[in-house]
1. Towards the positive end of the charge dipole of chain B, with charges on Cβ (+1 Lys, Arg; -1 Asp, Glu), say which of B:S79, B:S93, B:I12 has the farthest Cα.
2. Restricting things to Cα coordinates, could you compute the convex hull volume per residue of segment B:75-115 in Å³?
3. Which of A:S60, A:S80, A:S26 ends up with the largest GNM mean-square fluctuation for chain A, with Cα atoms connected below 10 Å?
4. Any idea what log10 I(q)/I(0) is at q = 0.15, 0.16, 0.18 Å⁻¹ for segment A:10-56, Debye with uniform C-alpha scatterers and no solvent?
5. Measure out, as a whole number of angstrom, how far apart the alpha-carbon centroids of segment B:35-89 and segment A:13-80 sit.
6. Given the alpha-carbon gyration tensor of chain B, what are the semi-axes of its equivalent ellipsoid in whole angstrom, ordered largest first, with each equal to the square root of 5 times an eigenvalue?
7. Expressed in nm², what is the orientationally averaged projection area of the convex hull enclosing the Cα positions of the protein assembly as shown?
8. Looking at the calculated P(r) for segment A:7-116, what percent of the C-alpha pair distances fall above 19 Å?
Amino acid sequence: AQSVAQPEDQVNVAEGNPLTVKCTYSVSGNPYLFWYVQYPNRGLQFLLKYITGDNLVKGSYGFEAEFNKSQTSFHLKKPSALVSDSALYFCAVRSIPSGSARQLTFGSGTQLTVLP
Amino acid sequence: DSGVTQTPKHLITATGQRVTLRCSPRSGDLSVYWYQQSLDQGLQFLIQYYNGEERAKGNILERFSAQQFPDLHSELNLSSLELGDSALYFCASSVESGQPNEKLFFGSGTQLSVL
């Protein structure tokens, strides 16, 4: 079985400050990790993904995420937050050991609020 | 715009009723996924169809069913509705080439309110 945990329901940060949204995962095979963002009244939008290779992944809108295998984490980061970054962020994992299904498992979501 | 179209955007109905949610995937995408988003359960995977065939099943109730038609659009049927079925229902699509790094494209969702 695969699972994702986002330990913070809410993260508040001042505009211009760095932000981190935390995610840890549990899988039985190699993890394929994703971050999605959901703006009000909209569907989820893809931000970035980790497959293999460089542990620091760069994505859309200046976001990046750091894969840490020993800590089974995939935290989302941005050096300087914008008010427009305020949204609901979801971490997701997909693992494909032999014979398993391919659907993504999502975390519970973290509401990011960037204060002006 | 993701290219995934869901209708209707809002649906208000009564307990015991039956409703149908519709999804048109992005052009060229063969796979359709249905998700339910609620405050207490988060984002839950319901079911996946690939080129007309059911491929994977998640936490889908027996009162719910889905299908994917030859033109690749999909419908999610919810019957004997209960208050707890009130949620935002998302459809997503992907090419489903079999690669684990594929990303999903989500529609804007159907907000179902059961009164």
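1. B:I12
2. 94
3. For chain A, modelled as a Gaussian network with Cα springs under 10 Å, the answer is A:S60.
4. Scattering profile of segment A:10-56, log10 relative to I(0): -0.60, -0.67, -0.82.
5. 27
6. On the way: eigenvalues 108, 36, 36 Å².
Sorted largest first and rounded, they come to 23, 13, 13 Å.
7. 12.7
8. Working: 2524 of 5995 pairs.
Beyond 19 Å sits 42 percent of the P(r) for segment A:7-116.
FYI, it's all coordinate maths here, none of it is from the lab. Fair warning: this is a prediction, and the values are worked out from it, not measured in the lab. Ideal geometry is used to build each Cβ from the backbone, glycine not excepted, and the neighbour counts take in all protein chains shown.
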